[in-house]
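*Asks:* The structure's right below; bear with me while I get my questions together.
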Amino acid sequence: MNAVRDKWNRRYEARSHAPPATPAFVTHIAPSLKPGTVLDVAAGDGAASLALARLGFVVTAIDISEVGLSRLEDFAARERLTIQTRCCDLEQPDRLDGLGPFDNILVCRYKPEPALWPALAAMLVHGGLLAFSTFNLQQHELHGFPARFCLQPGELKAIDPSLERLRCQSVSRAGDYFDDYLFRRR
């Protein structure tokens, strides 16, 4: 076990038995996604995965926390939804072996290390979409959220040469500050 996995396992163990609420970004972006498969990166206990499975997407959820994924599996079973799960540390070199390809990849409230972007891009089918939303520096400045987990201005201009940026916007939702992106694999 590593310290990051332990931290997230403790957080999910402390949560209520109620399913997580659907993130506003997922509600906003779902109509833009291609029908078919979705990889939910850093899925936690399934807020996005559950919403997308309800909409008919074939969902694979990955996260570092076994406890989060176990909660997701329980919530999915209650609703008779099928969601594949895989526990993995996204900082390990073989983290994504055997996954993909996907029509869509969703990254919500997680900032991948720069080395992960090419691996994610390679997992998309031609024309596949990568939807990404995470905190920006305004979240740090106004709420003290750690700056290292926030997007820097212009950080994703050259995310990966195989990805074309379709949309980019800074938004505020319920007092939190995000940058939302939509990319397409060339």
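*Asks:* So which residues in segment 139-186 are farther than 18 Å from P112 by Cα, basic (K, R) and part of a strand (DSSP E or B), if there are any at all?
*Replies:* R167, R173
*Asks:* For segment 114-130, check the following and say yes or no: at least one residue is in contact with a strand residue (DSSP E or B) (Cβ under 7 Å, 6 or more places away or on another chain), over 20 Å from G100 (Cα atoms) and β-branched (V, I, T).
*Replies:* no
*Asks:* Kindly indicate whether A61 is at negative phi and without any contact (Cβ under 8 Å) to a residue 24 or more places away in the chain.
*Replies:* It is false that A61 is at negative phi and without any contact (Cβ under 8 Å) to a residue 24 or more places away in the chain.
*Asks:* Residue under question is S70, and the condition is that it be hydroxyl-bearing (S, T, Y), in a helix (DSSP H, G or I) and within 24 Å of V171 (Cβ to Cβ); does it hold?
*Replies:* no
*Asks:* Test G127 against the criterion of being more than 14 Å from V41 (Cβ to Cβ), more than 15 Å from the chain's Cα centre (by Cα), modelled with pLDDT under 95 and not β-branched (V, I, T), and give yes or no.
*Replies:* Criteria not met by G127.
To keep it simple, each residue is scored yes or no on (1) modelled with pLDDT of 95 or more; (2) more than 19 Å from the chain's Cα centre (by Cα); (3) under 30 Å from P101 (Cβ atoms).
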position	(1), (2), (3)
F132	yes, no, yes
N136	yes, no, yes
H140	yes, yes, no
F145	yes, no, no
Q152	no, no, yes
A158	no, yes, yes
S172	yes, no, no
Y177	yes, no, no
Y181	yes, no, yes
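*Asks:* Sticking with this one: Among the residues in segment 4-24, are any farther than 29 Å from L166 by Cβ and of a type in the set (V, I, T)?
*Replies:* Yes, that holds for at least one residue.
*Asks:* Continuing with this model, one more query. Looking at V26, V38 in this structure, which one is among the aliphatic types (A, V, I, L, M), in contact (Cβ under 8 Å) with a residue 24 or more places away in the chain, closer than 26 Å to R184 by Cβ and not in a helix (DSSP H, G or I)?
*Replies:* Exactly one of V26, V38 is among the aliphatic types (A, V, I, L, M), in contact (Cβ under 8 Å) with a residue 24 or more places away in the chain, closer than 26 Å to R184 by Cβ and not in a helix (DSSP H, G or I), namely V38.
*Asks:* Filter segment 1-26 down to residues that are of a type in the set (S, T, Y) and either surrounded by fewer than 13 Cβ atoms within 10 Å (Cβ to Cβ) or closer than 15 Å to D63 by Cα (or both) and give me whichever is modelled with the highest pLDDT.
*Replies:* Restricting to residues being of a type in the set (S, T, Y) and either surrounded by fewer than 13 Cβ atoms within 10 Å (Cβ to Cβ) or closer than 15 Å to D63 by Cα (or both), the top hit is Y12.
The values are calculated or read from the model by the stated rules, or taken from the named source; none is laboratory data. Remember, predicted model here, so these are calculated numbers, not experimental data. Note that each Cβ is placed from the backbone with ideal geometry, even for glycine, and that neighbours are counted across all protein chains shown.
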